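Inspection log for the structure reproduced underneath, given as structure tokens.
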Amino acid sequence: MLDGSYPGTGKFDEVGTGDGEGTTLNLPLPGGSGDTTIRTVFDEVIVPCAQRFKPDIILVSAGYDGHVLDPLANLQYTTGTYYMLASSIKQLAKDLCGGRCVFFLEGGYNLKSLSYSVADTFRALLGDRSLASEFDNPNILYEEPTKKVKQAIQRIKHVHSL
């Protein structure tokens, strides 16, 4: 199982040091993880950790290289995944920190999937409907590695006492 990500950081047990110990949350997911995985991780790990942390603002390093069409990450996120994440983060920010949330554009190396996914992220933030169905092709997705995903989630929960 993957224990970290490019460029060699992001391991499960990297949780911060000193006063920041316990505030770093790394989620190295197995290759092939997709919509179901990230929804589960968001609900079972990210939300409880954010509720415990009680942020003043949510800063999102919005990388799109997890898109199924992107050559880098070997994940199966779709444009719809990014819409769902942006909608969920927007709601989380509303619930926890008065709606204060900033997205910073990071990676994404397939320009077509990047442009559609960024646009759908903005639609989510604006409260508009997703246009992911016009771009996403569910026929290219394959079965997610559910056993490895469950193991990763359990490890994350153990490390962060969830």
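Observations
- Residue by residue, the stretch 28-34 carries 3J(HN,Hα) couplings of x, 9, x, x, x, 5, x Hz when phi is fed to the Karplus relation 6.51 cos²θ - 1.76 cosθ + 1.60 (θ = phi - 60°); x denotes Gly or Pro.
- 3J(HN,Hα) along the stretch 41-56: 4, 4, 5, 8, 10, 5, 4, x, 5, 5, 4, 5, 6, 6, x, 7 Hz, from the Karplus curve 6.51 cos²θ - 1.76 cosθ + 1.60 with θ = phi - 60°, whole Hz, x for Gly and Pro.
- Computed over protein heavy atoms with a 1.4 Å probe, the carbon and sulfur contribution to the accessible area of the stretch 45-133 reaches 58%.
- Cross-link pairs beyond the 21 Å C-alpha cut-off, checked among Lys11/Lys148; Lys90/Lys157; Lys90/Lys150; Lys11/Lys147; Lys11/Lys90: Lys90/Lys157; Lys90/Lys150; Lys11/Lys90
- Considering only Phe103, Ala152, Gln76, and ranking their Cα positions along the charge dipole of the stretch 19-162 that arises from unit charges at the beta-carbon of Lys, Arg, Asp and Glu, the one farthest toward the positive end is Ala152.
- Dipole check for the stretch 16-124: with +1 at the C-beta of Lys and Arg, -1 at the C-beta of Asp and Glu, and the Cα centre as origin, the magnitude is about 320 Debye.
- Beta bridges per DSSP with both ends in the chain, % antiparallel, nearest 5: 10 percent
- Against the rule of thumb 2.2 N^0.38 Å, how large the Cα Rg of the chain comes out: 1.02
- Extension gain for Ile57-Gln154 works out to 32.2 nm (0.36 nm per residue, less the C-alpha to C-alpha distance).
- Equivalent-ellipsoid semi-axes for the stretch 78-162 (Cα gyration tensor, √(5λ), whole Å, largest first): 24, 22, 12.
- Applying the Karplus relation 6.51 cos²θ - 1.76 cosθ + 1.60 with θ = phi - 60° to the stretch 81-95 yields 3J(HN,Hα) values of 4, 5, 5, 4, 4, 4, 4, 5, 5, 4, 5, 4, 5, 4, 6 Hz, where x marks Gly and Pro.
- Quick note on the stretch 33-123: its Rg to Rh ratio, both from C-alpha atoms and Rh being the Kirkwood radius, is 0.97.
The values are calculated or read from the model by the stated rules, or taken from the named source; none is laboratory data. Keep in mind that what you see is a predicted model, and the values were worked out from it rather than measured. In this analysis, Cβ positions are derived from the backbone assuming ideal geometry, glycine residues included, and neighbour counts consider all displayed protein chains. Keep in mind that these areas ignore ligands, DNA and RNA; they rest on the heavy atoms of the full protein, side chains included. Shrake-Rupley method; radii C 1.70, N 1.55, O 1.52, S 1.80 Å.
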